[in-house]
Amino acid sequence: MKQKLLQPRTLLKLALWVVGLIVLLLLPGQLNNYQLTIVDSAIIYFIASLSYTVMLGMGGMMSMATVTFMGLGAFFTAQLAKNWGLPTPLAGLLAVLATAAIAYILSIMLVRLEGYYFVFGTIGLCNMMSTVFQNFKPLSNGADGINGIPKLNLFGFTFRNLSDWCLLLVVLAVILAIGVSRVRKSALGRSLMSIRDNPVTAQTLGVNVLRTKRIAFTIGAFLSATAGMLVAFHNGVVSASLFTFNVQQSLLMMVMLGGVNSTFGALGGAFLVQLMPEVLRPIQQYLRLVQGILLILLMIFMPMGIAGLLQSAWKKISKSIQKRKGGLNVGMQQNLENPGG
């Protein structure tokens, strides 16, 4: 265990997380409200994109309904906190759990589909629920949305300003990221990766394929609903326009840009996509065109995203270092065997 912790790759990942955490904790005091809004939104979308790390990165399940469960989590939170008058932490928890329960019921049907059939099934769910969010007033208040959502009050502290929210989101993101990393190393994670690589072989080895996929789908929905709940409390207002198929495409781009099987990559992808409209403000009308071209180039040149590119570069550097060490060891051994030569 000690040797594993001292490996250069492990130390590098740990250093990156520590630096990233320090930067995010120091950011609130250095940014204005507009910049803080971008940072907060990026962290929330990072939490949502963690669902792809579980479903797509580990299980090979390309879901296009992440934004649907974000919407359910957000609207359930708004209804329970505002119209039912529940304490905000309880309202958020019940909203996330209710969304996860709905996802599990839906997964009984959806995970029986494989490959692109599963993708089309989740696309249908996303489009269907976008219409529900837009028109079903008992849930979403129709096109007007729900405003006046109470401020989140946690252990007697009310989160009123963006700086406080930024710190809370950083803490939650770290906790959830660690949880996803633990899932990757658990029996569930290994089962998911075996299903991703070869479902028939996984089933032969005793893995319950359908049950494992249902669990992964439910975990993904839990993470998405958590992000939706945070959107509701952070913004104080939710509407159907926040949970459309266009938003789903942006979420997918975050994951593909950062890396489908990398927690740190998902964080980088979320920030890059959130900052893209600001960087490309002079050509805002061509933003979708640029994003489409970027996605095509990613699939051609960086199919595993930025994280995959960095991992490949690190492997090459490690091999080069090992070769040099091997050459030095051989030279030293020859000198010892033949000191006079």
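The values are calculated or read from the model by the stated rules, or taken from the named source; none is laboratory data. Because the structure is a prediction, the values reported are computed rather than measured. Ligands, DNA and RNA are excluded from the accessible area calculation, which covers all protein heavy atoms including side chains. Shrake-Rupley method; radii C 1.70, N 1.55, O 1.52, S 1.80 Å.
State the Kirkwood hydrodynamic radius of the range 39-172 in Å, one decimal place, computed from all pairs of distinct Cα atoms. Provide the component values of the computation, followed by the final result.
Working: mean 1/r = 0.0614 Å⁻¹.
The Cα-based Kirkwood calculation yields 16.3 Å.
Student exercise: in the range 29-326, how many lysine pairs 8 or more apart or on different chains have Cα atoms under 23 Å apart? Numbers along the way, then the final one.
Values: LYS82/LYS137; LYS82/LYS151; LYS137/LYS151; LYS185/LYS213; LYS185/LYS315; LYS315/LYS323; LYS315/LYS325; LYS316/LYS325.
Pairs that pass both the separation and distance tests number 8.
Can you give the Kirkwood hydrodynamic radius for the range 110-238, in Å, rounded to one decimal and based on Cα pairs? Intermediate results must be reported in sequence, preceding the final value.
Details: mean 1/r = 0.0565 Å⁻¹.
About 17.7 Å for the range 110-238.
Just by accessible area at a 1.4 angstrom probe, what is the order of ILE178, ILE219, ILE283 from largest to smallest? Could the numbers behind the result be given before it?
On the way: ILE178 100, ILE219 45, ILE283 70 Å².
Listed by decreasing accessible area, they come as ILE178, ILE283, ILE219.
Work the Kirkwood hydrodynamic radius out for the range 29-326: mean of 1/r over every pair of different alpha-carbon atoms, inverted, in Å. If you can, show how the numbers build up before the last one.
Values: mean 1/r = 0.0501 Å⁻¹.
Kirkwood hydrodynamic radius for the range 29-326: 20.0 Å.
Would you compute, for the Cα atoms of the range 239-293, the largest minus smallest coordinate along each principal axis and list the three values in descending order, in whole Å?
The Cα atoms of the range 239-293 stretch 32, 27, 18 Å along their principal axes.
Would you please give the residues with an amide H less than 5 Å from that of MET64, counting only those at least 5 places away or on a separate chain, with H modeled from the backbone geometry?
Under 5 Å from the amide H of MET64: THR122, ILE123.
Share of the range 29-326's accessible area from carbon and sulfur, percent, 1.4 Å?
Values: 9450 of 14300 Å².
Answer for the range 29-326 is 66 percent, counting heavy atoms of protein chains only.
Test of understanding: express the Cα radius of gyration of the range 66-124 as a ratio to 2.2 N^0.38 Å, with N the residue count. Kindly include the intermediate steps, with their values, before the conclusion.
Values: Rg = 14.0 Å, N = 59, 2.2 N^0.38 = 10.4 Å.
Taking the Cα Rg and dividing by 2.2 N^0.38 Å, one obtains 1.35.
Which whole-number percent gives the relative contact order of the range 29-326, counting Cα pairs below 8 Å spaced six or more residues apart? Walk me through the intermediate numbers first.
On the way: 424 pairs, mean separation 96.3, N = 298.
The value is 32 percent.
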